[in-house]
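Q: The structure that follows is given in the form of structure tokens.
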């Protein structure tokens, strides 16, 4: 389905989801809105020729999976949430690359929003998982 040489992208912008996100006491008790933007590398040529969703990435399926994951999550940092979304998409959908942005509207007074954007590649998935496992096993700094 996906050719890593392609410049084709499927995007989803402004996906609003409620979740527990933040490290301040009140943030751990109240669900907050986050906005998620996704950009995913997908070779669209065969889907375009066949005019058939079976030959492309179904963005509705991706959106439903991301919503379910985020609504059930609880993280202290936006950095962790955005990393986990990227890992989920690469692990569950046959794409070579993803860009994920998560923003928290109104998190800083006077600012529209704050957030994190990252890009991840399928080729890095196993190394990324090994690094995460090693970091999780390491002793916590005092």
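Q: Filter region 114-142 for residues that are surrounded by 14 or more Cβ atoms within 10 Å (Cβ to Cβ) and at pLDDT 85 or above; which is farthest from residue 87 (Cα to Cα)?
A: Only one residue tops the list, namely 115.
Q: Residues that are assigned to a strand (DSSP E or B), touching a strand residue (DSSP E or B) at 6+ places or on another chain (Cβ under 6 Å) and either more than 17 Å from residue 69 (Cα to Cα) or in contact (Cβ under 8 Å) with a residue 12 or more places away in the chain (or both): does region 85-93 have at least one?
A: Within region 85-93, not a single residue is assigned to a strand (DSSP E or B), touching a strand residue (DSSP E or B) at 6+ places or on another chain (Cβ under 6 Å) and either more than 17 Å from residue 69 (Cα to Cα) or in contact (Cβ under 8 Å) with a residue 12 or more places away in the chain (or both).
Q: Name the single residue, out of those in region 30-42 being under 18 Å from residue 113 (Cα atoms) and in contact with a helix residue (DSSP H, G or I) (Cβ under 9 Å, 6 or more places away or on another chain), that is surrounded by the fewest Cβ atoms within 10 Å (Cβ to Cβ).
A: Once the filter is applied, the top-ranked residue is 31.
Q: Continuing with the same structure: Given 103, 73, which one is under 18 Å from residue 14 (Cα atoms), surrounded by 16 or more Cβ atoms within 10 Å (Cβ to Cβ) and in contact with a helix residue (DSSP H, G or I) (Cβ under 9 Å, 6 or more places away or on another chain)? Walk me through it before giving the result.
A: Numbers: 73 fails: under 18 Å from residue 14 (Cα atoms).
The unique qualifying residue is 103.
Q: Please determine, by comparing only the residues of region 8-29 that are part of a loop (DSSP other than H, G, I, E, B) and in contact with a strand residue (DSSP E or B) (Cβ under 8 Å, 6 or more places away or on another chain), which one is modelled with the highest pLDDT.
A: Within region 8-29, the first condition is being part of a loop (DSSP other than H, G, I, E, B), and the residues that meet it are 8, 22-24.
Adding the requirement that they be in contact with a strand residue (DSSP E or B) (Cβ under 8 Å, 6 or more places away or on another chain) leaves 8, 22.
On the way: 8: 95, 22: 86.
Result: 8.
Q: Continuing with the same structure: Tell me, please, whether a residue that is at pLDDT 90 or above, in contact with a helix residue (DSSP H, G or I) (Cβ under 7 Å, 6 or more places away or on another chain), in a loop (DSSP other than H, G, I, E, B) and surrounded by 13 or more Cβ atoms within 10 Å (Cβ to Cβ) can be found in region 43-57.
A: Yes, because at least one residue in region 43-57 is at pLDDT 90 or above, in contact with a helix residue (DSSP H, G or I) (Cβ under 7 Å, 6 or more places away or on another chain), in a loop (DSSP other than H, G, I, E, B) and surrounded by 13 or more Cβ atoms within 10 Å (Cβ to Cβ).
Q: Further question on the same structure: Among the residues of region 6-29, count how many are exposed (fewer than 10 other Cβ atoms within 10 Å of the Cβ) and either under 17 Å from residue 107 (Cα atoms) or more than 21 Å from the chain's Cα centre (by Cα) (or both).
A: Matching residues across region 6-29 total 6.
The values are calculated or read from the model by the stated rules, or taken from the named source; none is laboratory data. Nothing here was measured: the structure is a model prediction, and the numbers come from that model. Please note: Cβ atoms are built from the backbone with ideal geometry, for glycine as well, and neighbour counts cover all protein chains shown.
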